[in-house]
Structures are given as structure tokens and as C-alpha cells.
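So the structure is just underneath, and the comments pick up after that.
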Amino acid sequence: MKFNTKCVHGGGKSDNTGAISPAIYMSSTFSHPGLGETTGFQYTRESNPTRDRLEKLIAGLEDGFDAIAFSSGMAAIDAVFHLFSPGDHVILGDDLYGGSIRLFTNIYEKNGVEFTYVGTSDLAAVQAAFKPNTKAVYIETPTNPMMEITDIRAVSNMAHDRNALVIVDNTFLSPYFQKPLNLGADIVVHSGTKFIGGHHDVISGFTIVNDESLAAQLRLVYKTVGACLSAFDSWLVIRGIKTLALRMEQHQKNAIAIAEWLKQEPKVTKVLFPGLPEHPGYEVNKAQSTGFGGMLSFEVDNEETAKQVLEGIQLIQFAESLGGTESLLTYPVTQTHPDLKPEDAERKGITRRLLRLSVGIEDTDDLIADLAQAFNK
Ligand SMILES: *Cc1c(COP(=O)(O)O)cnc(C)c1O
């Protein structure tokens, strides 16, 4: 089955009623036909028919063996880090989702996991960061919000030589544009809240793996810790995924046009979008994915312009989050990355002049007209 067809049919036939839209099994528990017998379901913290359908769908989209649906992207990332023990070392990209950094710093560092942050687009820097106790490399590509690109295959080869896992947060491109397991990654995580769900109406997360033993370890964490996605929210995500392919094409089409428009706006000093041929990660991204996505960041000439644009947009909304049908403009320095030390934020370029745009699926002309009026107020 091709990707677009999987988006619609990848969860399998619903049940024997003929219902085209799958049932929502709002049941916490399931009865047993007899002693030692089971329908395959016991208790919804462990599994649920609606969620099973979603998990099968996601595993298919990422070309994985097993996918698990969590109550948030953070819960999915947290489950992965339960695989590590005090004294283990993990190499982290140095430009990650702010909530991930908060999890690593405030929870896992305290519990004895050691971290080294490196700019993972620099392969020599990754190589130099390995230690005897390195258990994993954790990356985003493109990164949030600086849109840096990491060569997933090269990092995977490096990590596997040292028996370390590669974990990729694939939220920004979604499996429509990038399938890290096929490039050698061991674990893919997602905030399903973003492009996968796609409508700004549900919080969810996923882990996807190809290895049976890793799948079993993550399933144990899942049923033990209990951050499971509800049947209703699973249904919402299944519904969202039906249009994933269509949405991603429109997000990208709009993002390319907006990136080009921003380049000619005099108050814009830098446009960060991997779909621009001058982007330093353009070639690597092109080689390992089939698109550039719908996320871009840009820098303006001063803080006043940033404020003017944030307050001047009318169709585009000033909000955090990303990946939905509606375009959202974010101010990373105060919204998604306030926990960074000021000197780290400054070094990364997350300044008061940086804006991040999650380009929605509206008409291109309307989005550009909205930006134009905000810039020229
Ligand atoms: C939003 C996001 C997360 C966290 O996901 P939630 O669903 O908000 O818990 C993780 N990684 C990236 C890249 C994100 O954008």
C-alpha cells in the first residue's frame, strides 16, 4: 500500500458492522470468555481496540514493527528515557524542543543520567562526544527552532559502531516526508499533537521501533507508567491522519512561498528554512527525506519589528504549538525556550529578533497578505 492509501486505510477494516469510521471503544476493562481465555484485551492502560488501530496505522506510516500511542509527545520521550539507568550517558542535539530539554535537565539529570549537548549537524562533534558509557544519541532534524539538519544515516552508523541507540524526534517532517527507521535510527518519537493529529485539537505522542526487544521494553514501561492515549483521542488522531498527505503538501507549498517572500522583505535579516538551496543543510535534508516541511524561522532587524509583527498579524495567530491546519507564529525566546540559560539561547540564535512560523494550510496569497500588512503597519 502506498503512503497516501495507508493514511486512509492503514488501521485495517473497522469491525463487522460495516461502519466506515471506526468505533470508539470507551471501555476501561474487557470481560474474558472463559478461564485462561481472552479477547486480546484486558485493561485499557495496556491496550484498547481504538488505540490498537491507531498504533497499527502509525507503525505502517513509519515503516516500523511496533508503534505505541501516548497521552503526549513528552510522555513518549519520557518512556524512551526510562530505558536508561543512572551512570548512562546520552548525546543530545543542542537545539531541541524546549520541553525535551526541561525533561532531560530537571528529571533525568537529577536521576543520574549524564548528557552532552552537541550541534549534531557537525558529525565530527558527534564523534568526539562519545564516551565509554554512551548509550544513545538523541536528535531532531530539522531542529526546533533553528531548523538545522543532521545526517541520520551517518549518526546511526557512528552510534551502532559503539552499541548506542539513535533516537529521532520526527515531529517536524512527519513520516510523510521522513522515515528515520529506514535511515538506520532505532527509535522514532513524535509529538502527535502536531502534524500527525494536525488540527490543534488533541495532545498525543508516539514511539515507533523496528526491534522486537526494544518494542517489548517500551511496552513494559507503557503499561507500568500508564501515560496511555484515550480511546476518544485515538479516534481524533486516526481522523486527522486521513488527510496527512494532503496537508503536508499544502503546508510545504505555503512554506516555500513564504520563505521566498520573507527573503525580499527588507526588515527580515535571515530566513531559516531547509527548502532554500542556500540553507546549509539543504543537500543532506534532500538526500534523506522527500520534503522540507511546513516549519520555518526568521530573524527581523530589531525587537520592535518582532513585536509589531506578533501584534499585527490577523489571520495568522500568535500562539505556541505547530503542525496544524491554522498558521501559528511563535516567539521562541519567551514561549517555547524560556528555560534555556540566556547565554545558551543567545549562542544558539534564539534571540528577541527570532520568530518561528508554523505554516498552515490556508491559501498562500492570504498568508502572504497577512504578513505583508503586519510588516508594513
Ligand atoms: C511539541 C513537541 C514535543 C512535545 O510534544 P507534546 O505533544 O506537546 O507533549 C516534542 N518534540 C517536538 C519537536 C515538539 O514540537
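Any read-out appearing in this document is the output of simple, stated calculations on the displayed coordinates, not a laboratory observation. Just so you know, these numbers come straight off a predicted model, no measurement behind them. With ideal geometry, Cβ positions are generated from the backbone for all residues, glycine too; neighbour counts draw on all protein chains shown.
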Cβ-Cβ FRET estimate between Asp365 and Tyr282, R0 fixed at 30 Å, reported to 0.05: 0.70
Average silhouette area of the range 244-375, convex hull of alpha-carbon atoms, in square nanometres: 7.9 nm²
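State, to one decimal in nm², a quarter of the convex hull surface area for the C-alpha atoms of the range 255-330, i.e. the direction-averaged projected area. List each step's numbers first, then the result.
On the way: hull surface 22.3 nm².
Convex hull of Cα atoms, orientation-averaged projection: 5.6 nm².
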The range 255-271 and the range 154-226: distance between their alpha carbon centers, rounded to Å: 32 Å
Electrostatic dipole magnitude of the range 232-371 [Cβ: Lys, Arg +1; Asp, Glu -1; Cα centre; debye, to 20]: 380 debye
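Nothing charged except the Cβ atoms of Lys and Arg (+1) and of Asp and Glu (-1): what's the magnitude of the dipole of the chain about its Cα centre? Round to the nearest 20 debye. Present the calculation step by step, with values, prior to reporting the outcome.
On the way: 33 positive and 46 negative charges, 119 e Å.
Around 580 debye, computed over the chain.
Can you tell me the FRET efficiency between Ala23 and Phe65 if r is taken as the Cβ-Cβ distance and R0 is 41 Å, rounded to the nearest 0.05? Intermediate values should be presented prior to the final figure.
Numbers: r = 26 Å, r/R0 = 0.62.
Here the calculated transfer efficiency is 0.95.
Between Ala125 and Phe318, 0.36 nm times their residue separation minus their Cα-Cα distance comes to what?
Gain on stretching Ala125 to Phe318: 65.9 nm.
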Built amide H within the under 5 Å cut-off of Leu165, gap 5+: Ala136, Val137
Cα→Cβ-extended label distance, 7 Å offset, between Glu260 and Glu346, nm: 3.8 nm
Percent of C-alpha pairs per 10 Å bin, the range 26-176, short to long: 10, 34, 31, 16, 8, 2
Additional length obtainable on full extension of the chain from Asn16 to Glu46, 0.36 nm per residue less Cα span: 8.4 nm
On Cα atoms only, tilt of 231-241 relative to the major axis of the chain in degrees: 50 degrees
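Could you work out the Kirkwood radius for the chain, taking every pair of different alpha carbons, averaging 1/r and inverting it, reported in Å?
Working: mean 1/r = 0.0469 Å⁻¹.
It works out to 21.3 Å.
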For the range 1-53 versus the range 313-367, the gap between their alpha-carbon centres in whole angstrom: 37 Å
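Using +1 on the beta carbon of Lys and Arg, -1 on that of Asp and Glu, and nothing else charged, what's the dipole of the range 42-96 about the Cα centre, debye to 20?
Values: 4 positive and 10 negative charges, 73 e Å.
Charge dipole of the range 42-96: 340 debye, to the nearest 20.
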Residue among Ala67, Tyr117, Ser204 farthest towards the positive dipole end of the chain, charges placed on Cβ: Ala67
Karplus-derived HN-Hα couplings along the range 358-372 (A = 6.51, B = -1.76, C = 1.60, θ = phi - 60°), whole Hz, x at Gly and Pro: 9, 7, x, 10, 5, 5, 3, 4, 5, 5, 5, 4, 5, 4, 4
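Packing-wise, with mean Cβ within 10 Å as the measure, how do 217-224, 176-183 rank, highest first? Intermediate results must be reported in sequence, preceding the final value.
Working: 217-224: 16.9, 176-183: 22.6.
Listed from highest to lowest mean packing, they are 176-183, 217-224.
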Nearest 10 degrees, 0 to 90: helix 212-225 Cα axis against the chain principal axis: 90 degrees
With Cα atoms, 0 to 90° folded angle of helix 244-263 axis to the chain main axis: 10 degrees
The range 244-375 - percent relative contact order, Cα under 8 Å, separation 6 or more: 30 percent
Lysines whose Cα lies under 21 Å from that of Lys341, excluding same-chain neighbours fewer than 8 positions away: Lys110
Residues whose placed amide H lies under 5 Å from that of Glu362, excluding near-sequence neighbours: Ser327
Partner lysines for Lys286 [C-alpha distance under 25 Å; skip if fewer than 8 residues away on the same chain]: Lys2, Lys6, Lys179, Lys194, Lys253, Lys263, Lys270, Lys348
Amide hydrogen neighbours beyond the local backbone of Tyr117, cut-off 5 Å, H modeled: Leu92
Listed residues Tyr108, Ala19, Val271: farthest to the positive end of the dipole of the chain (Cβ charges): Ala19
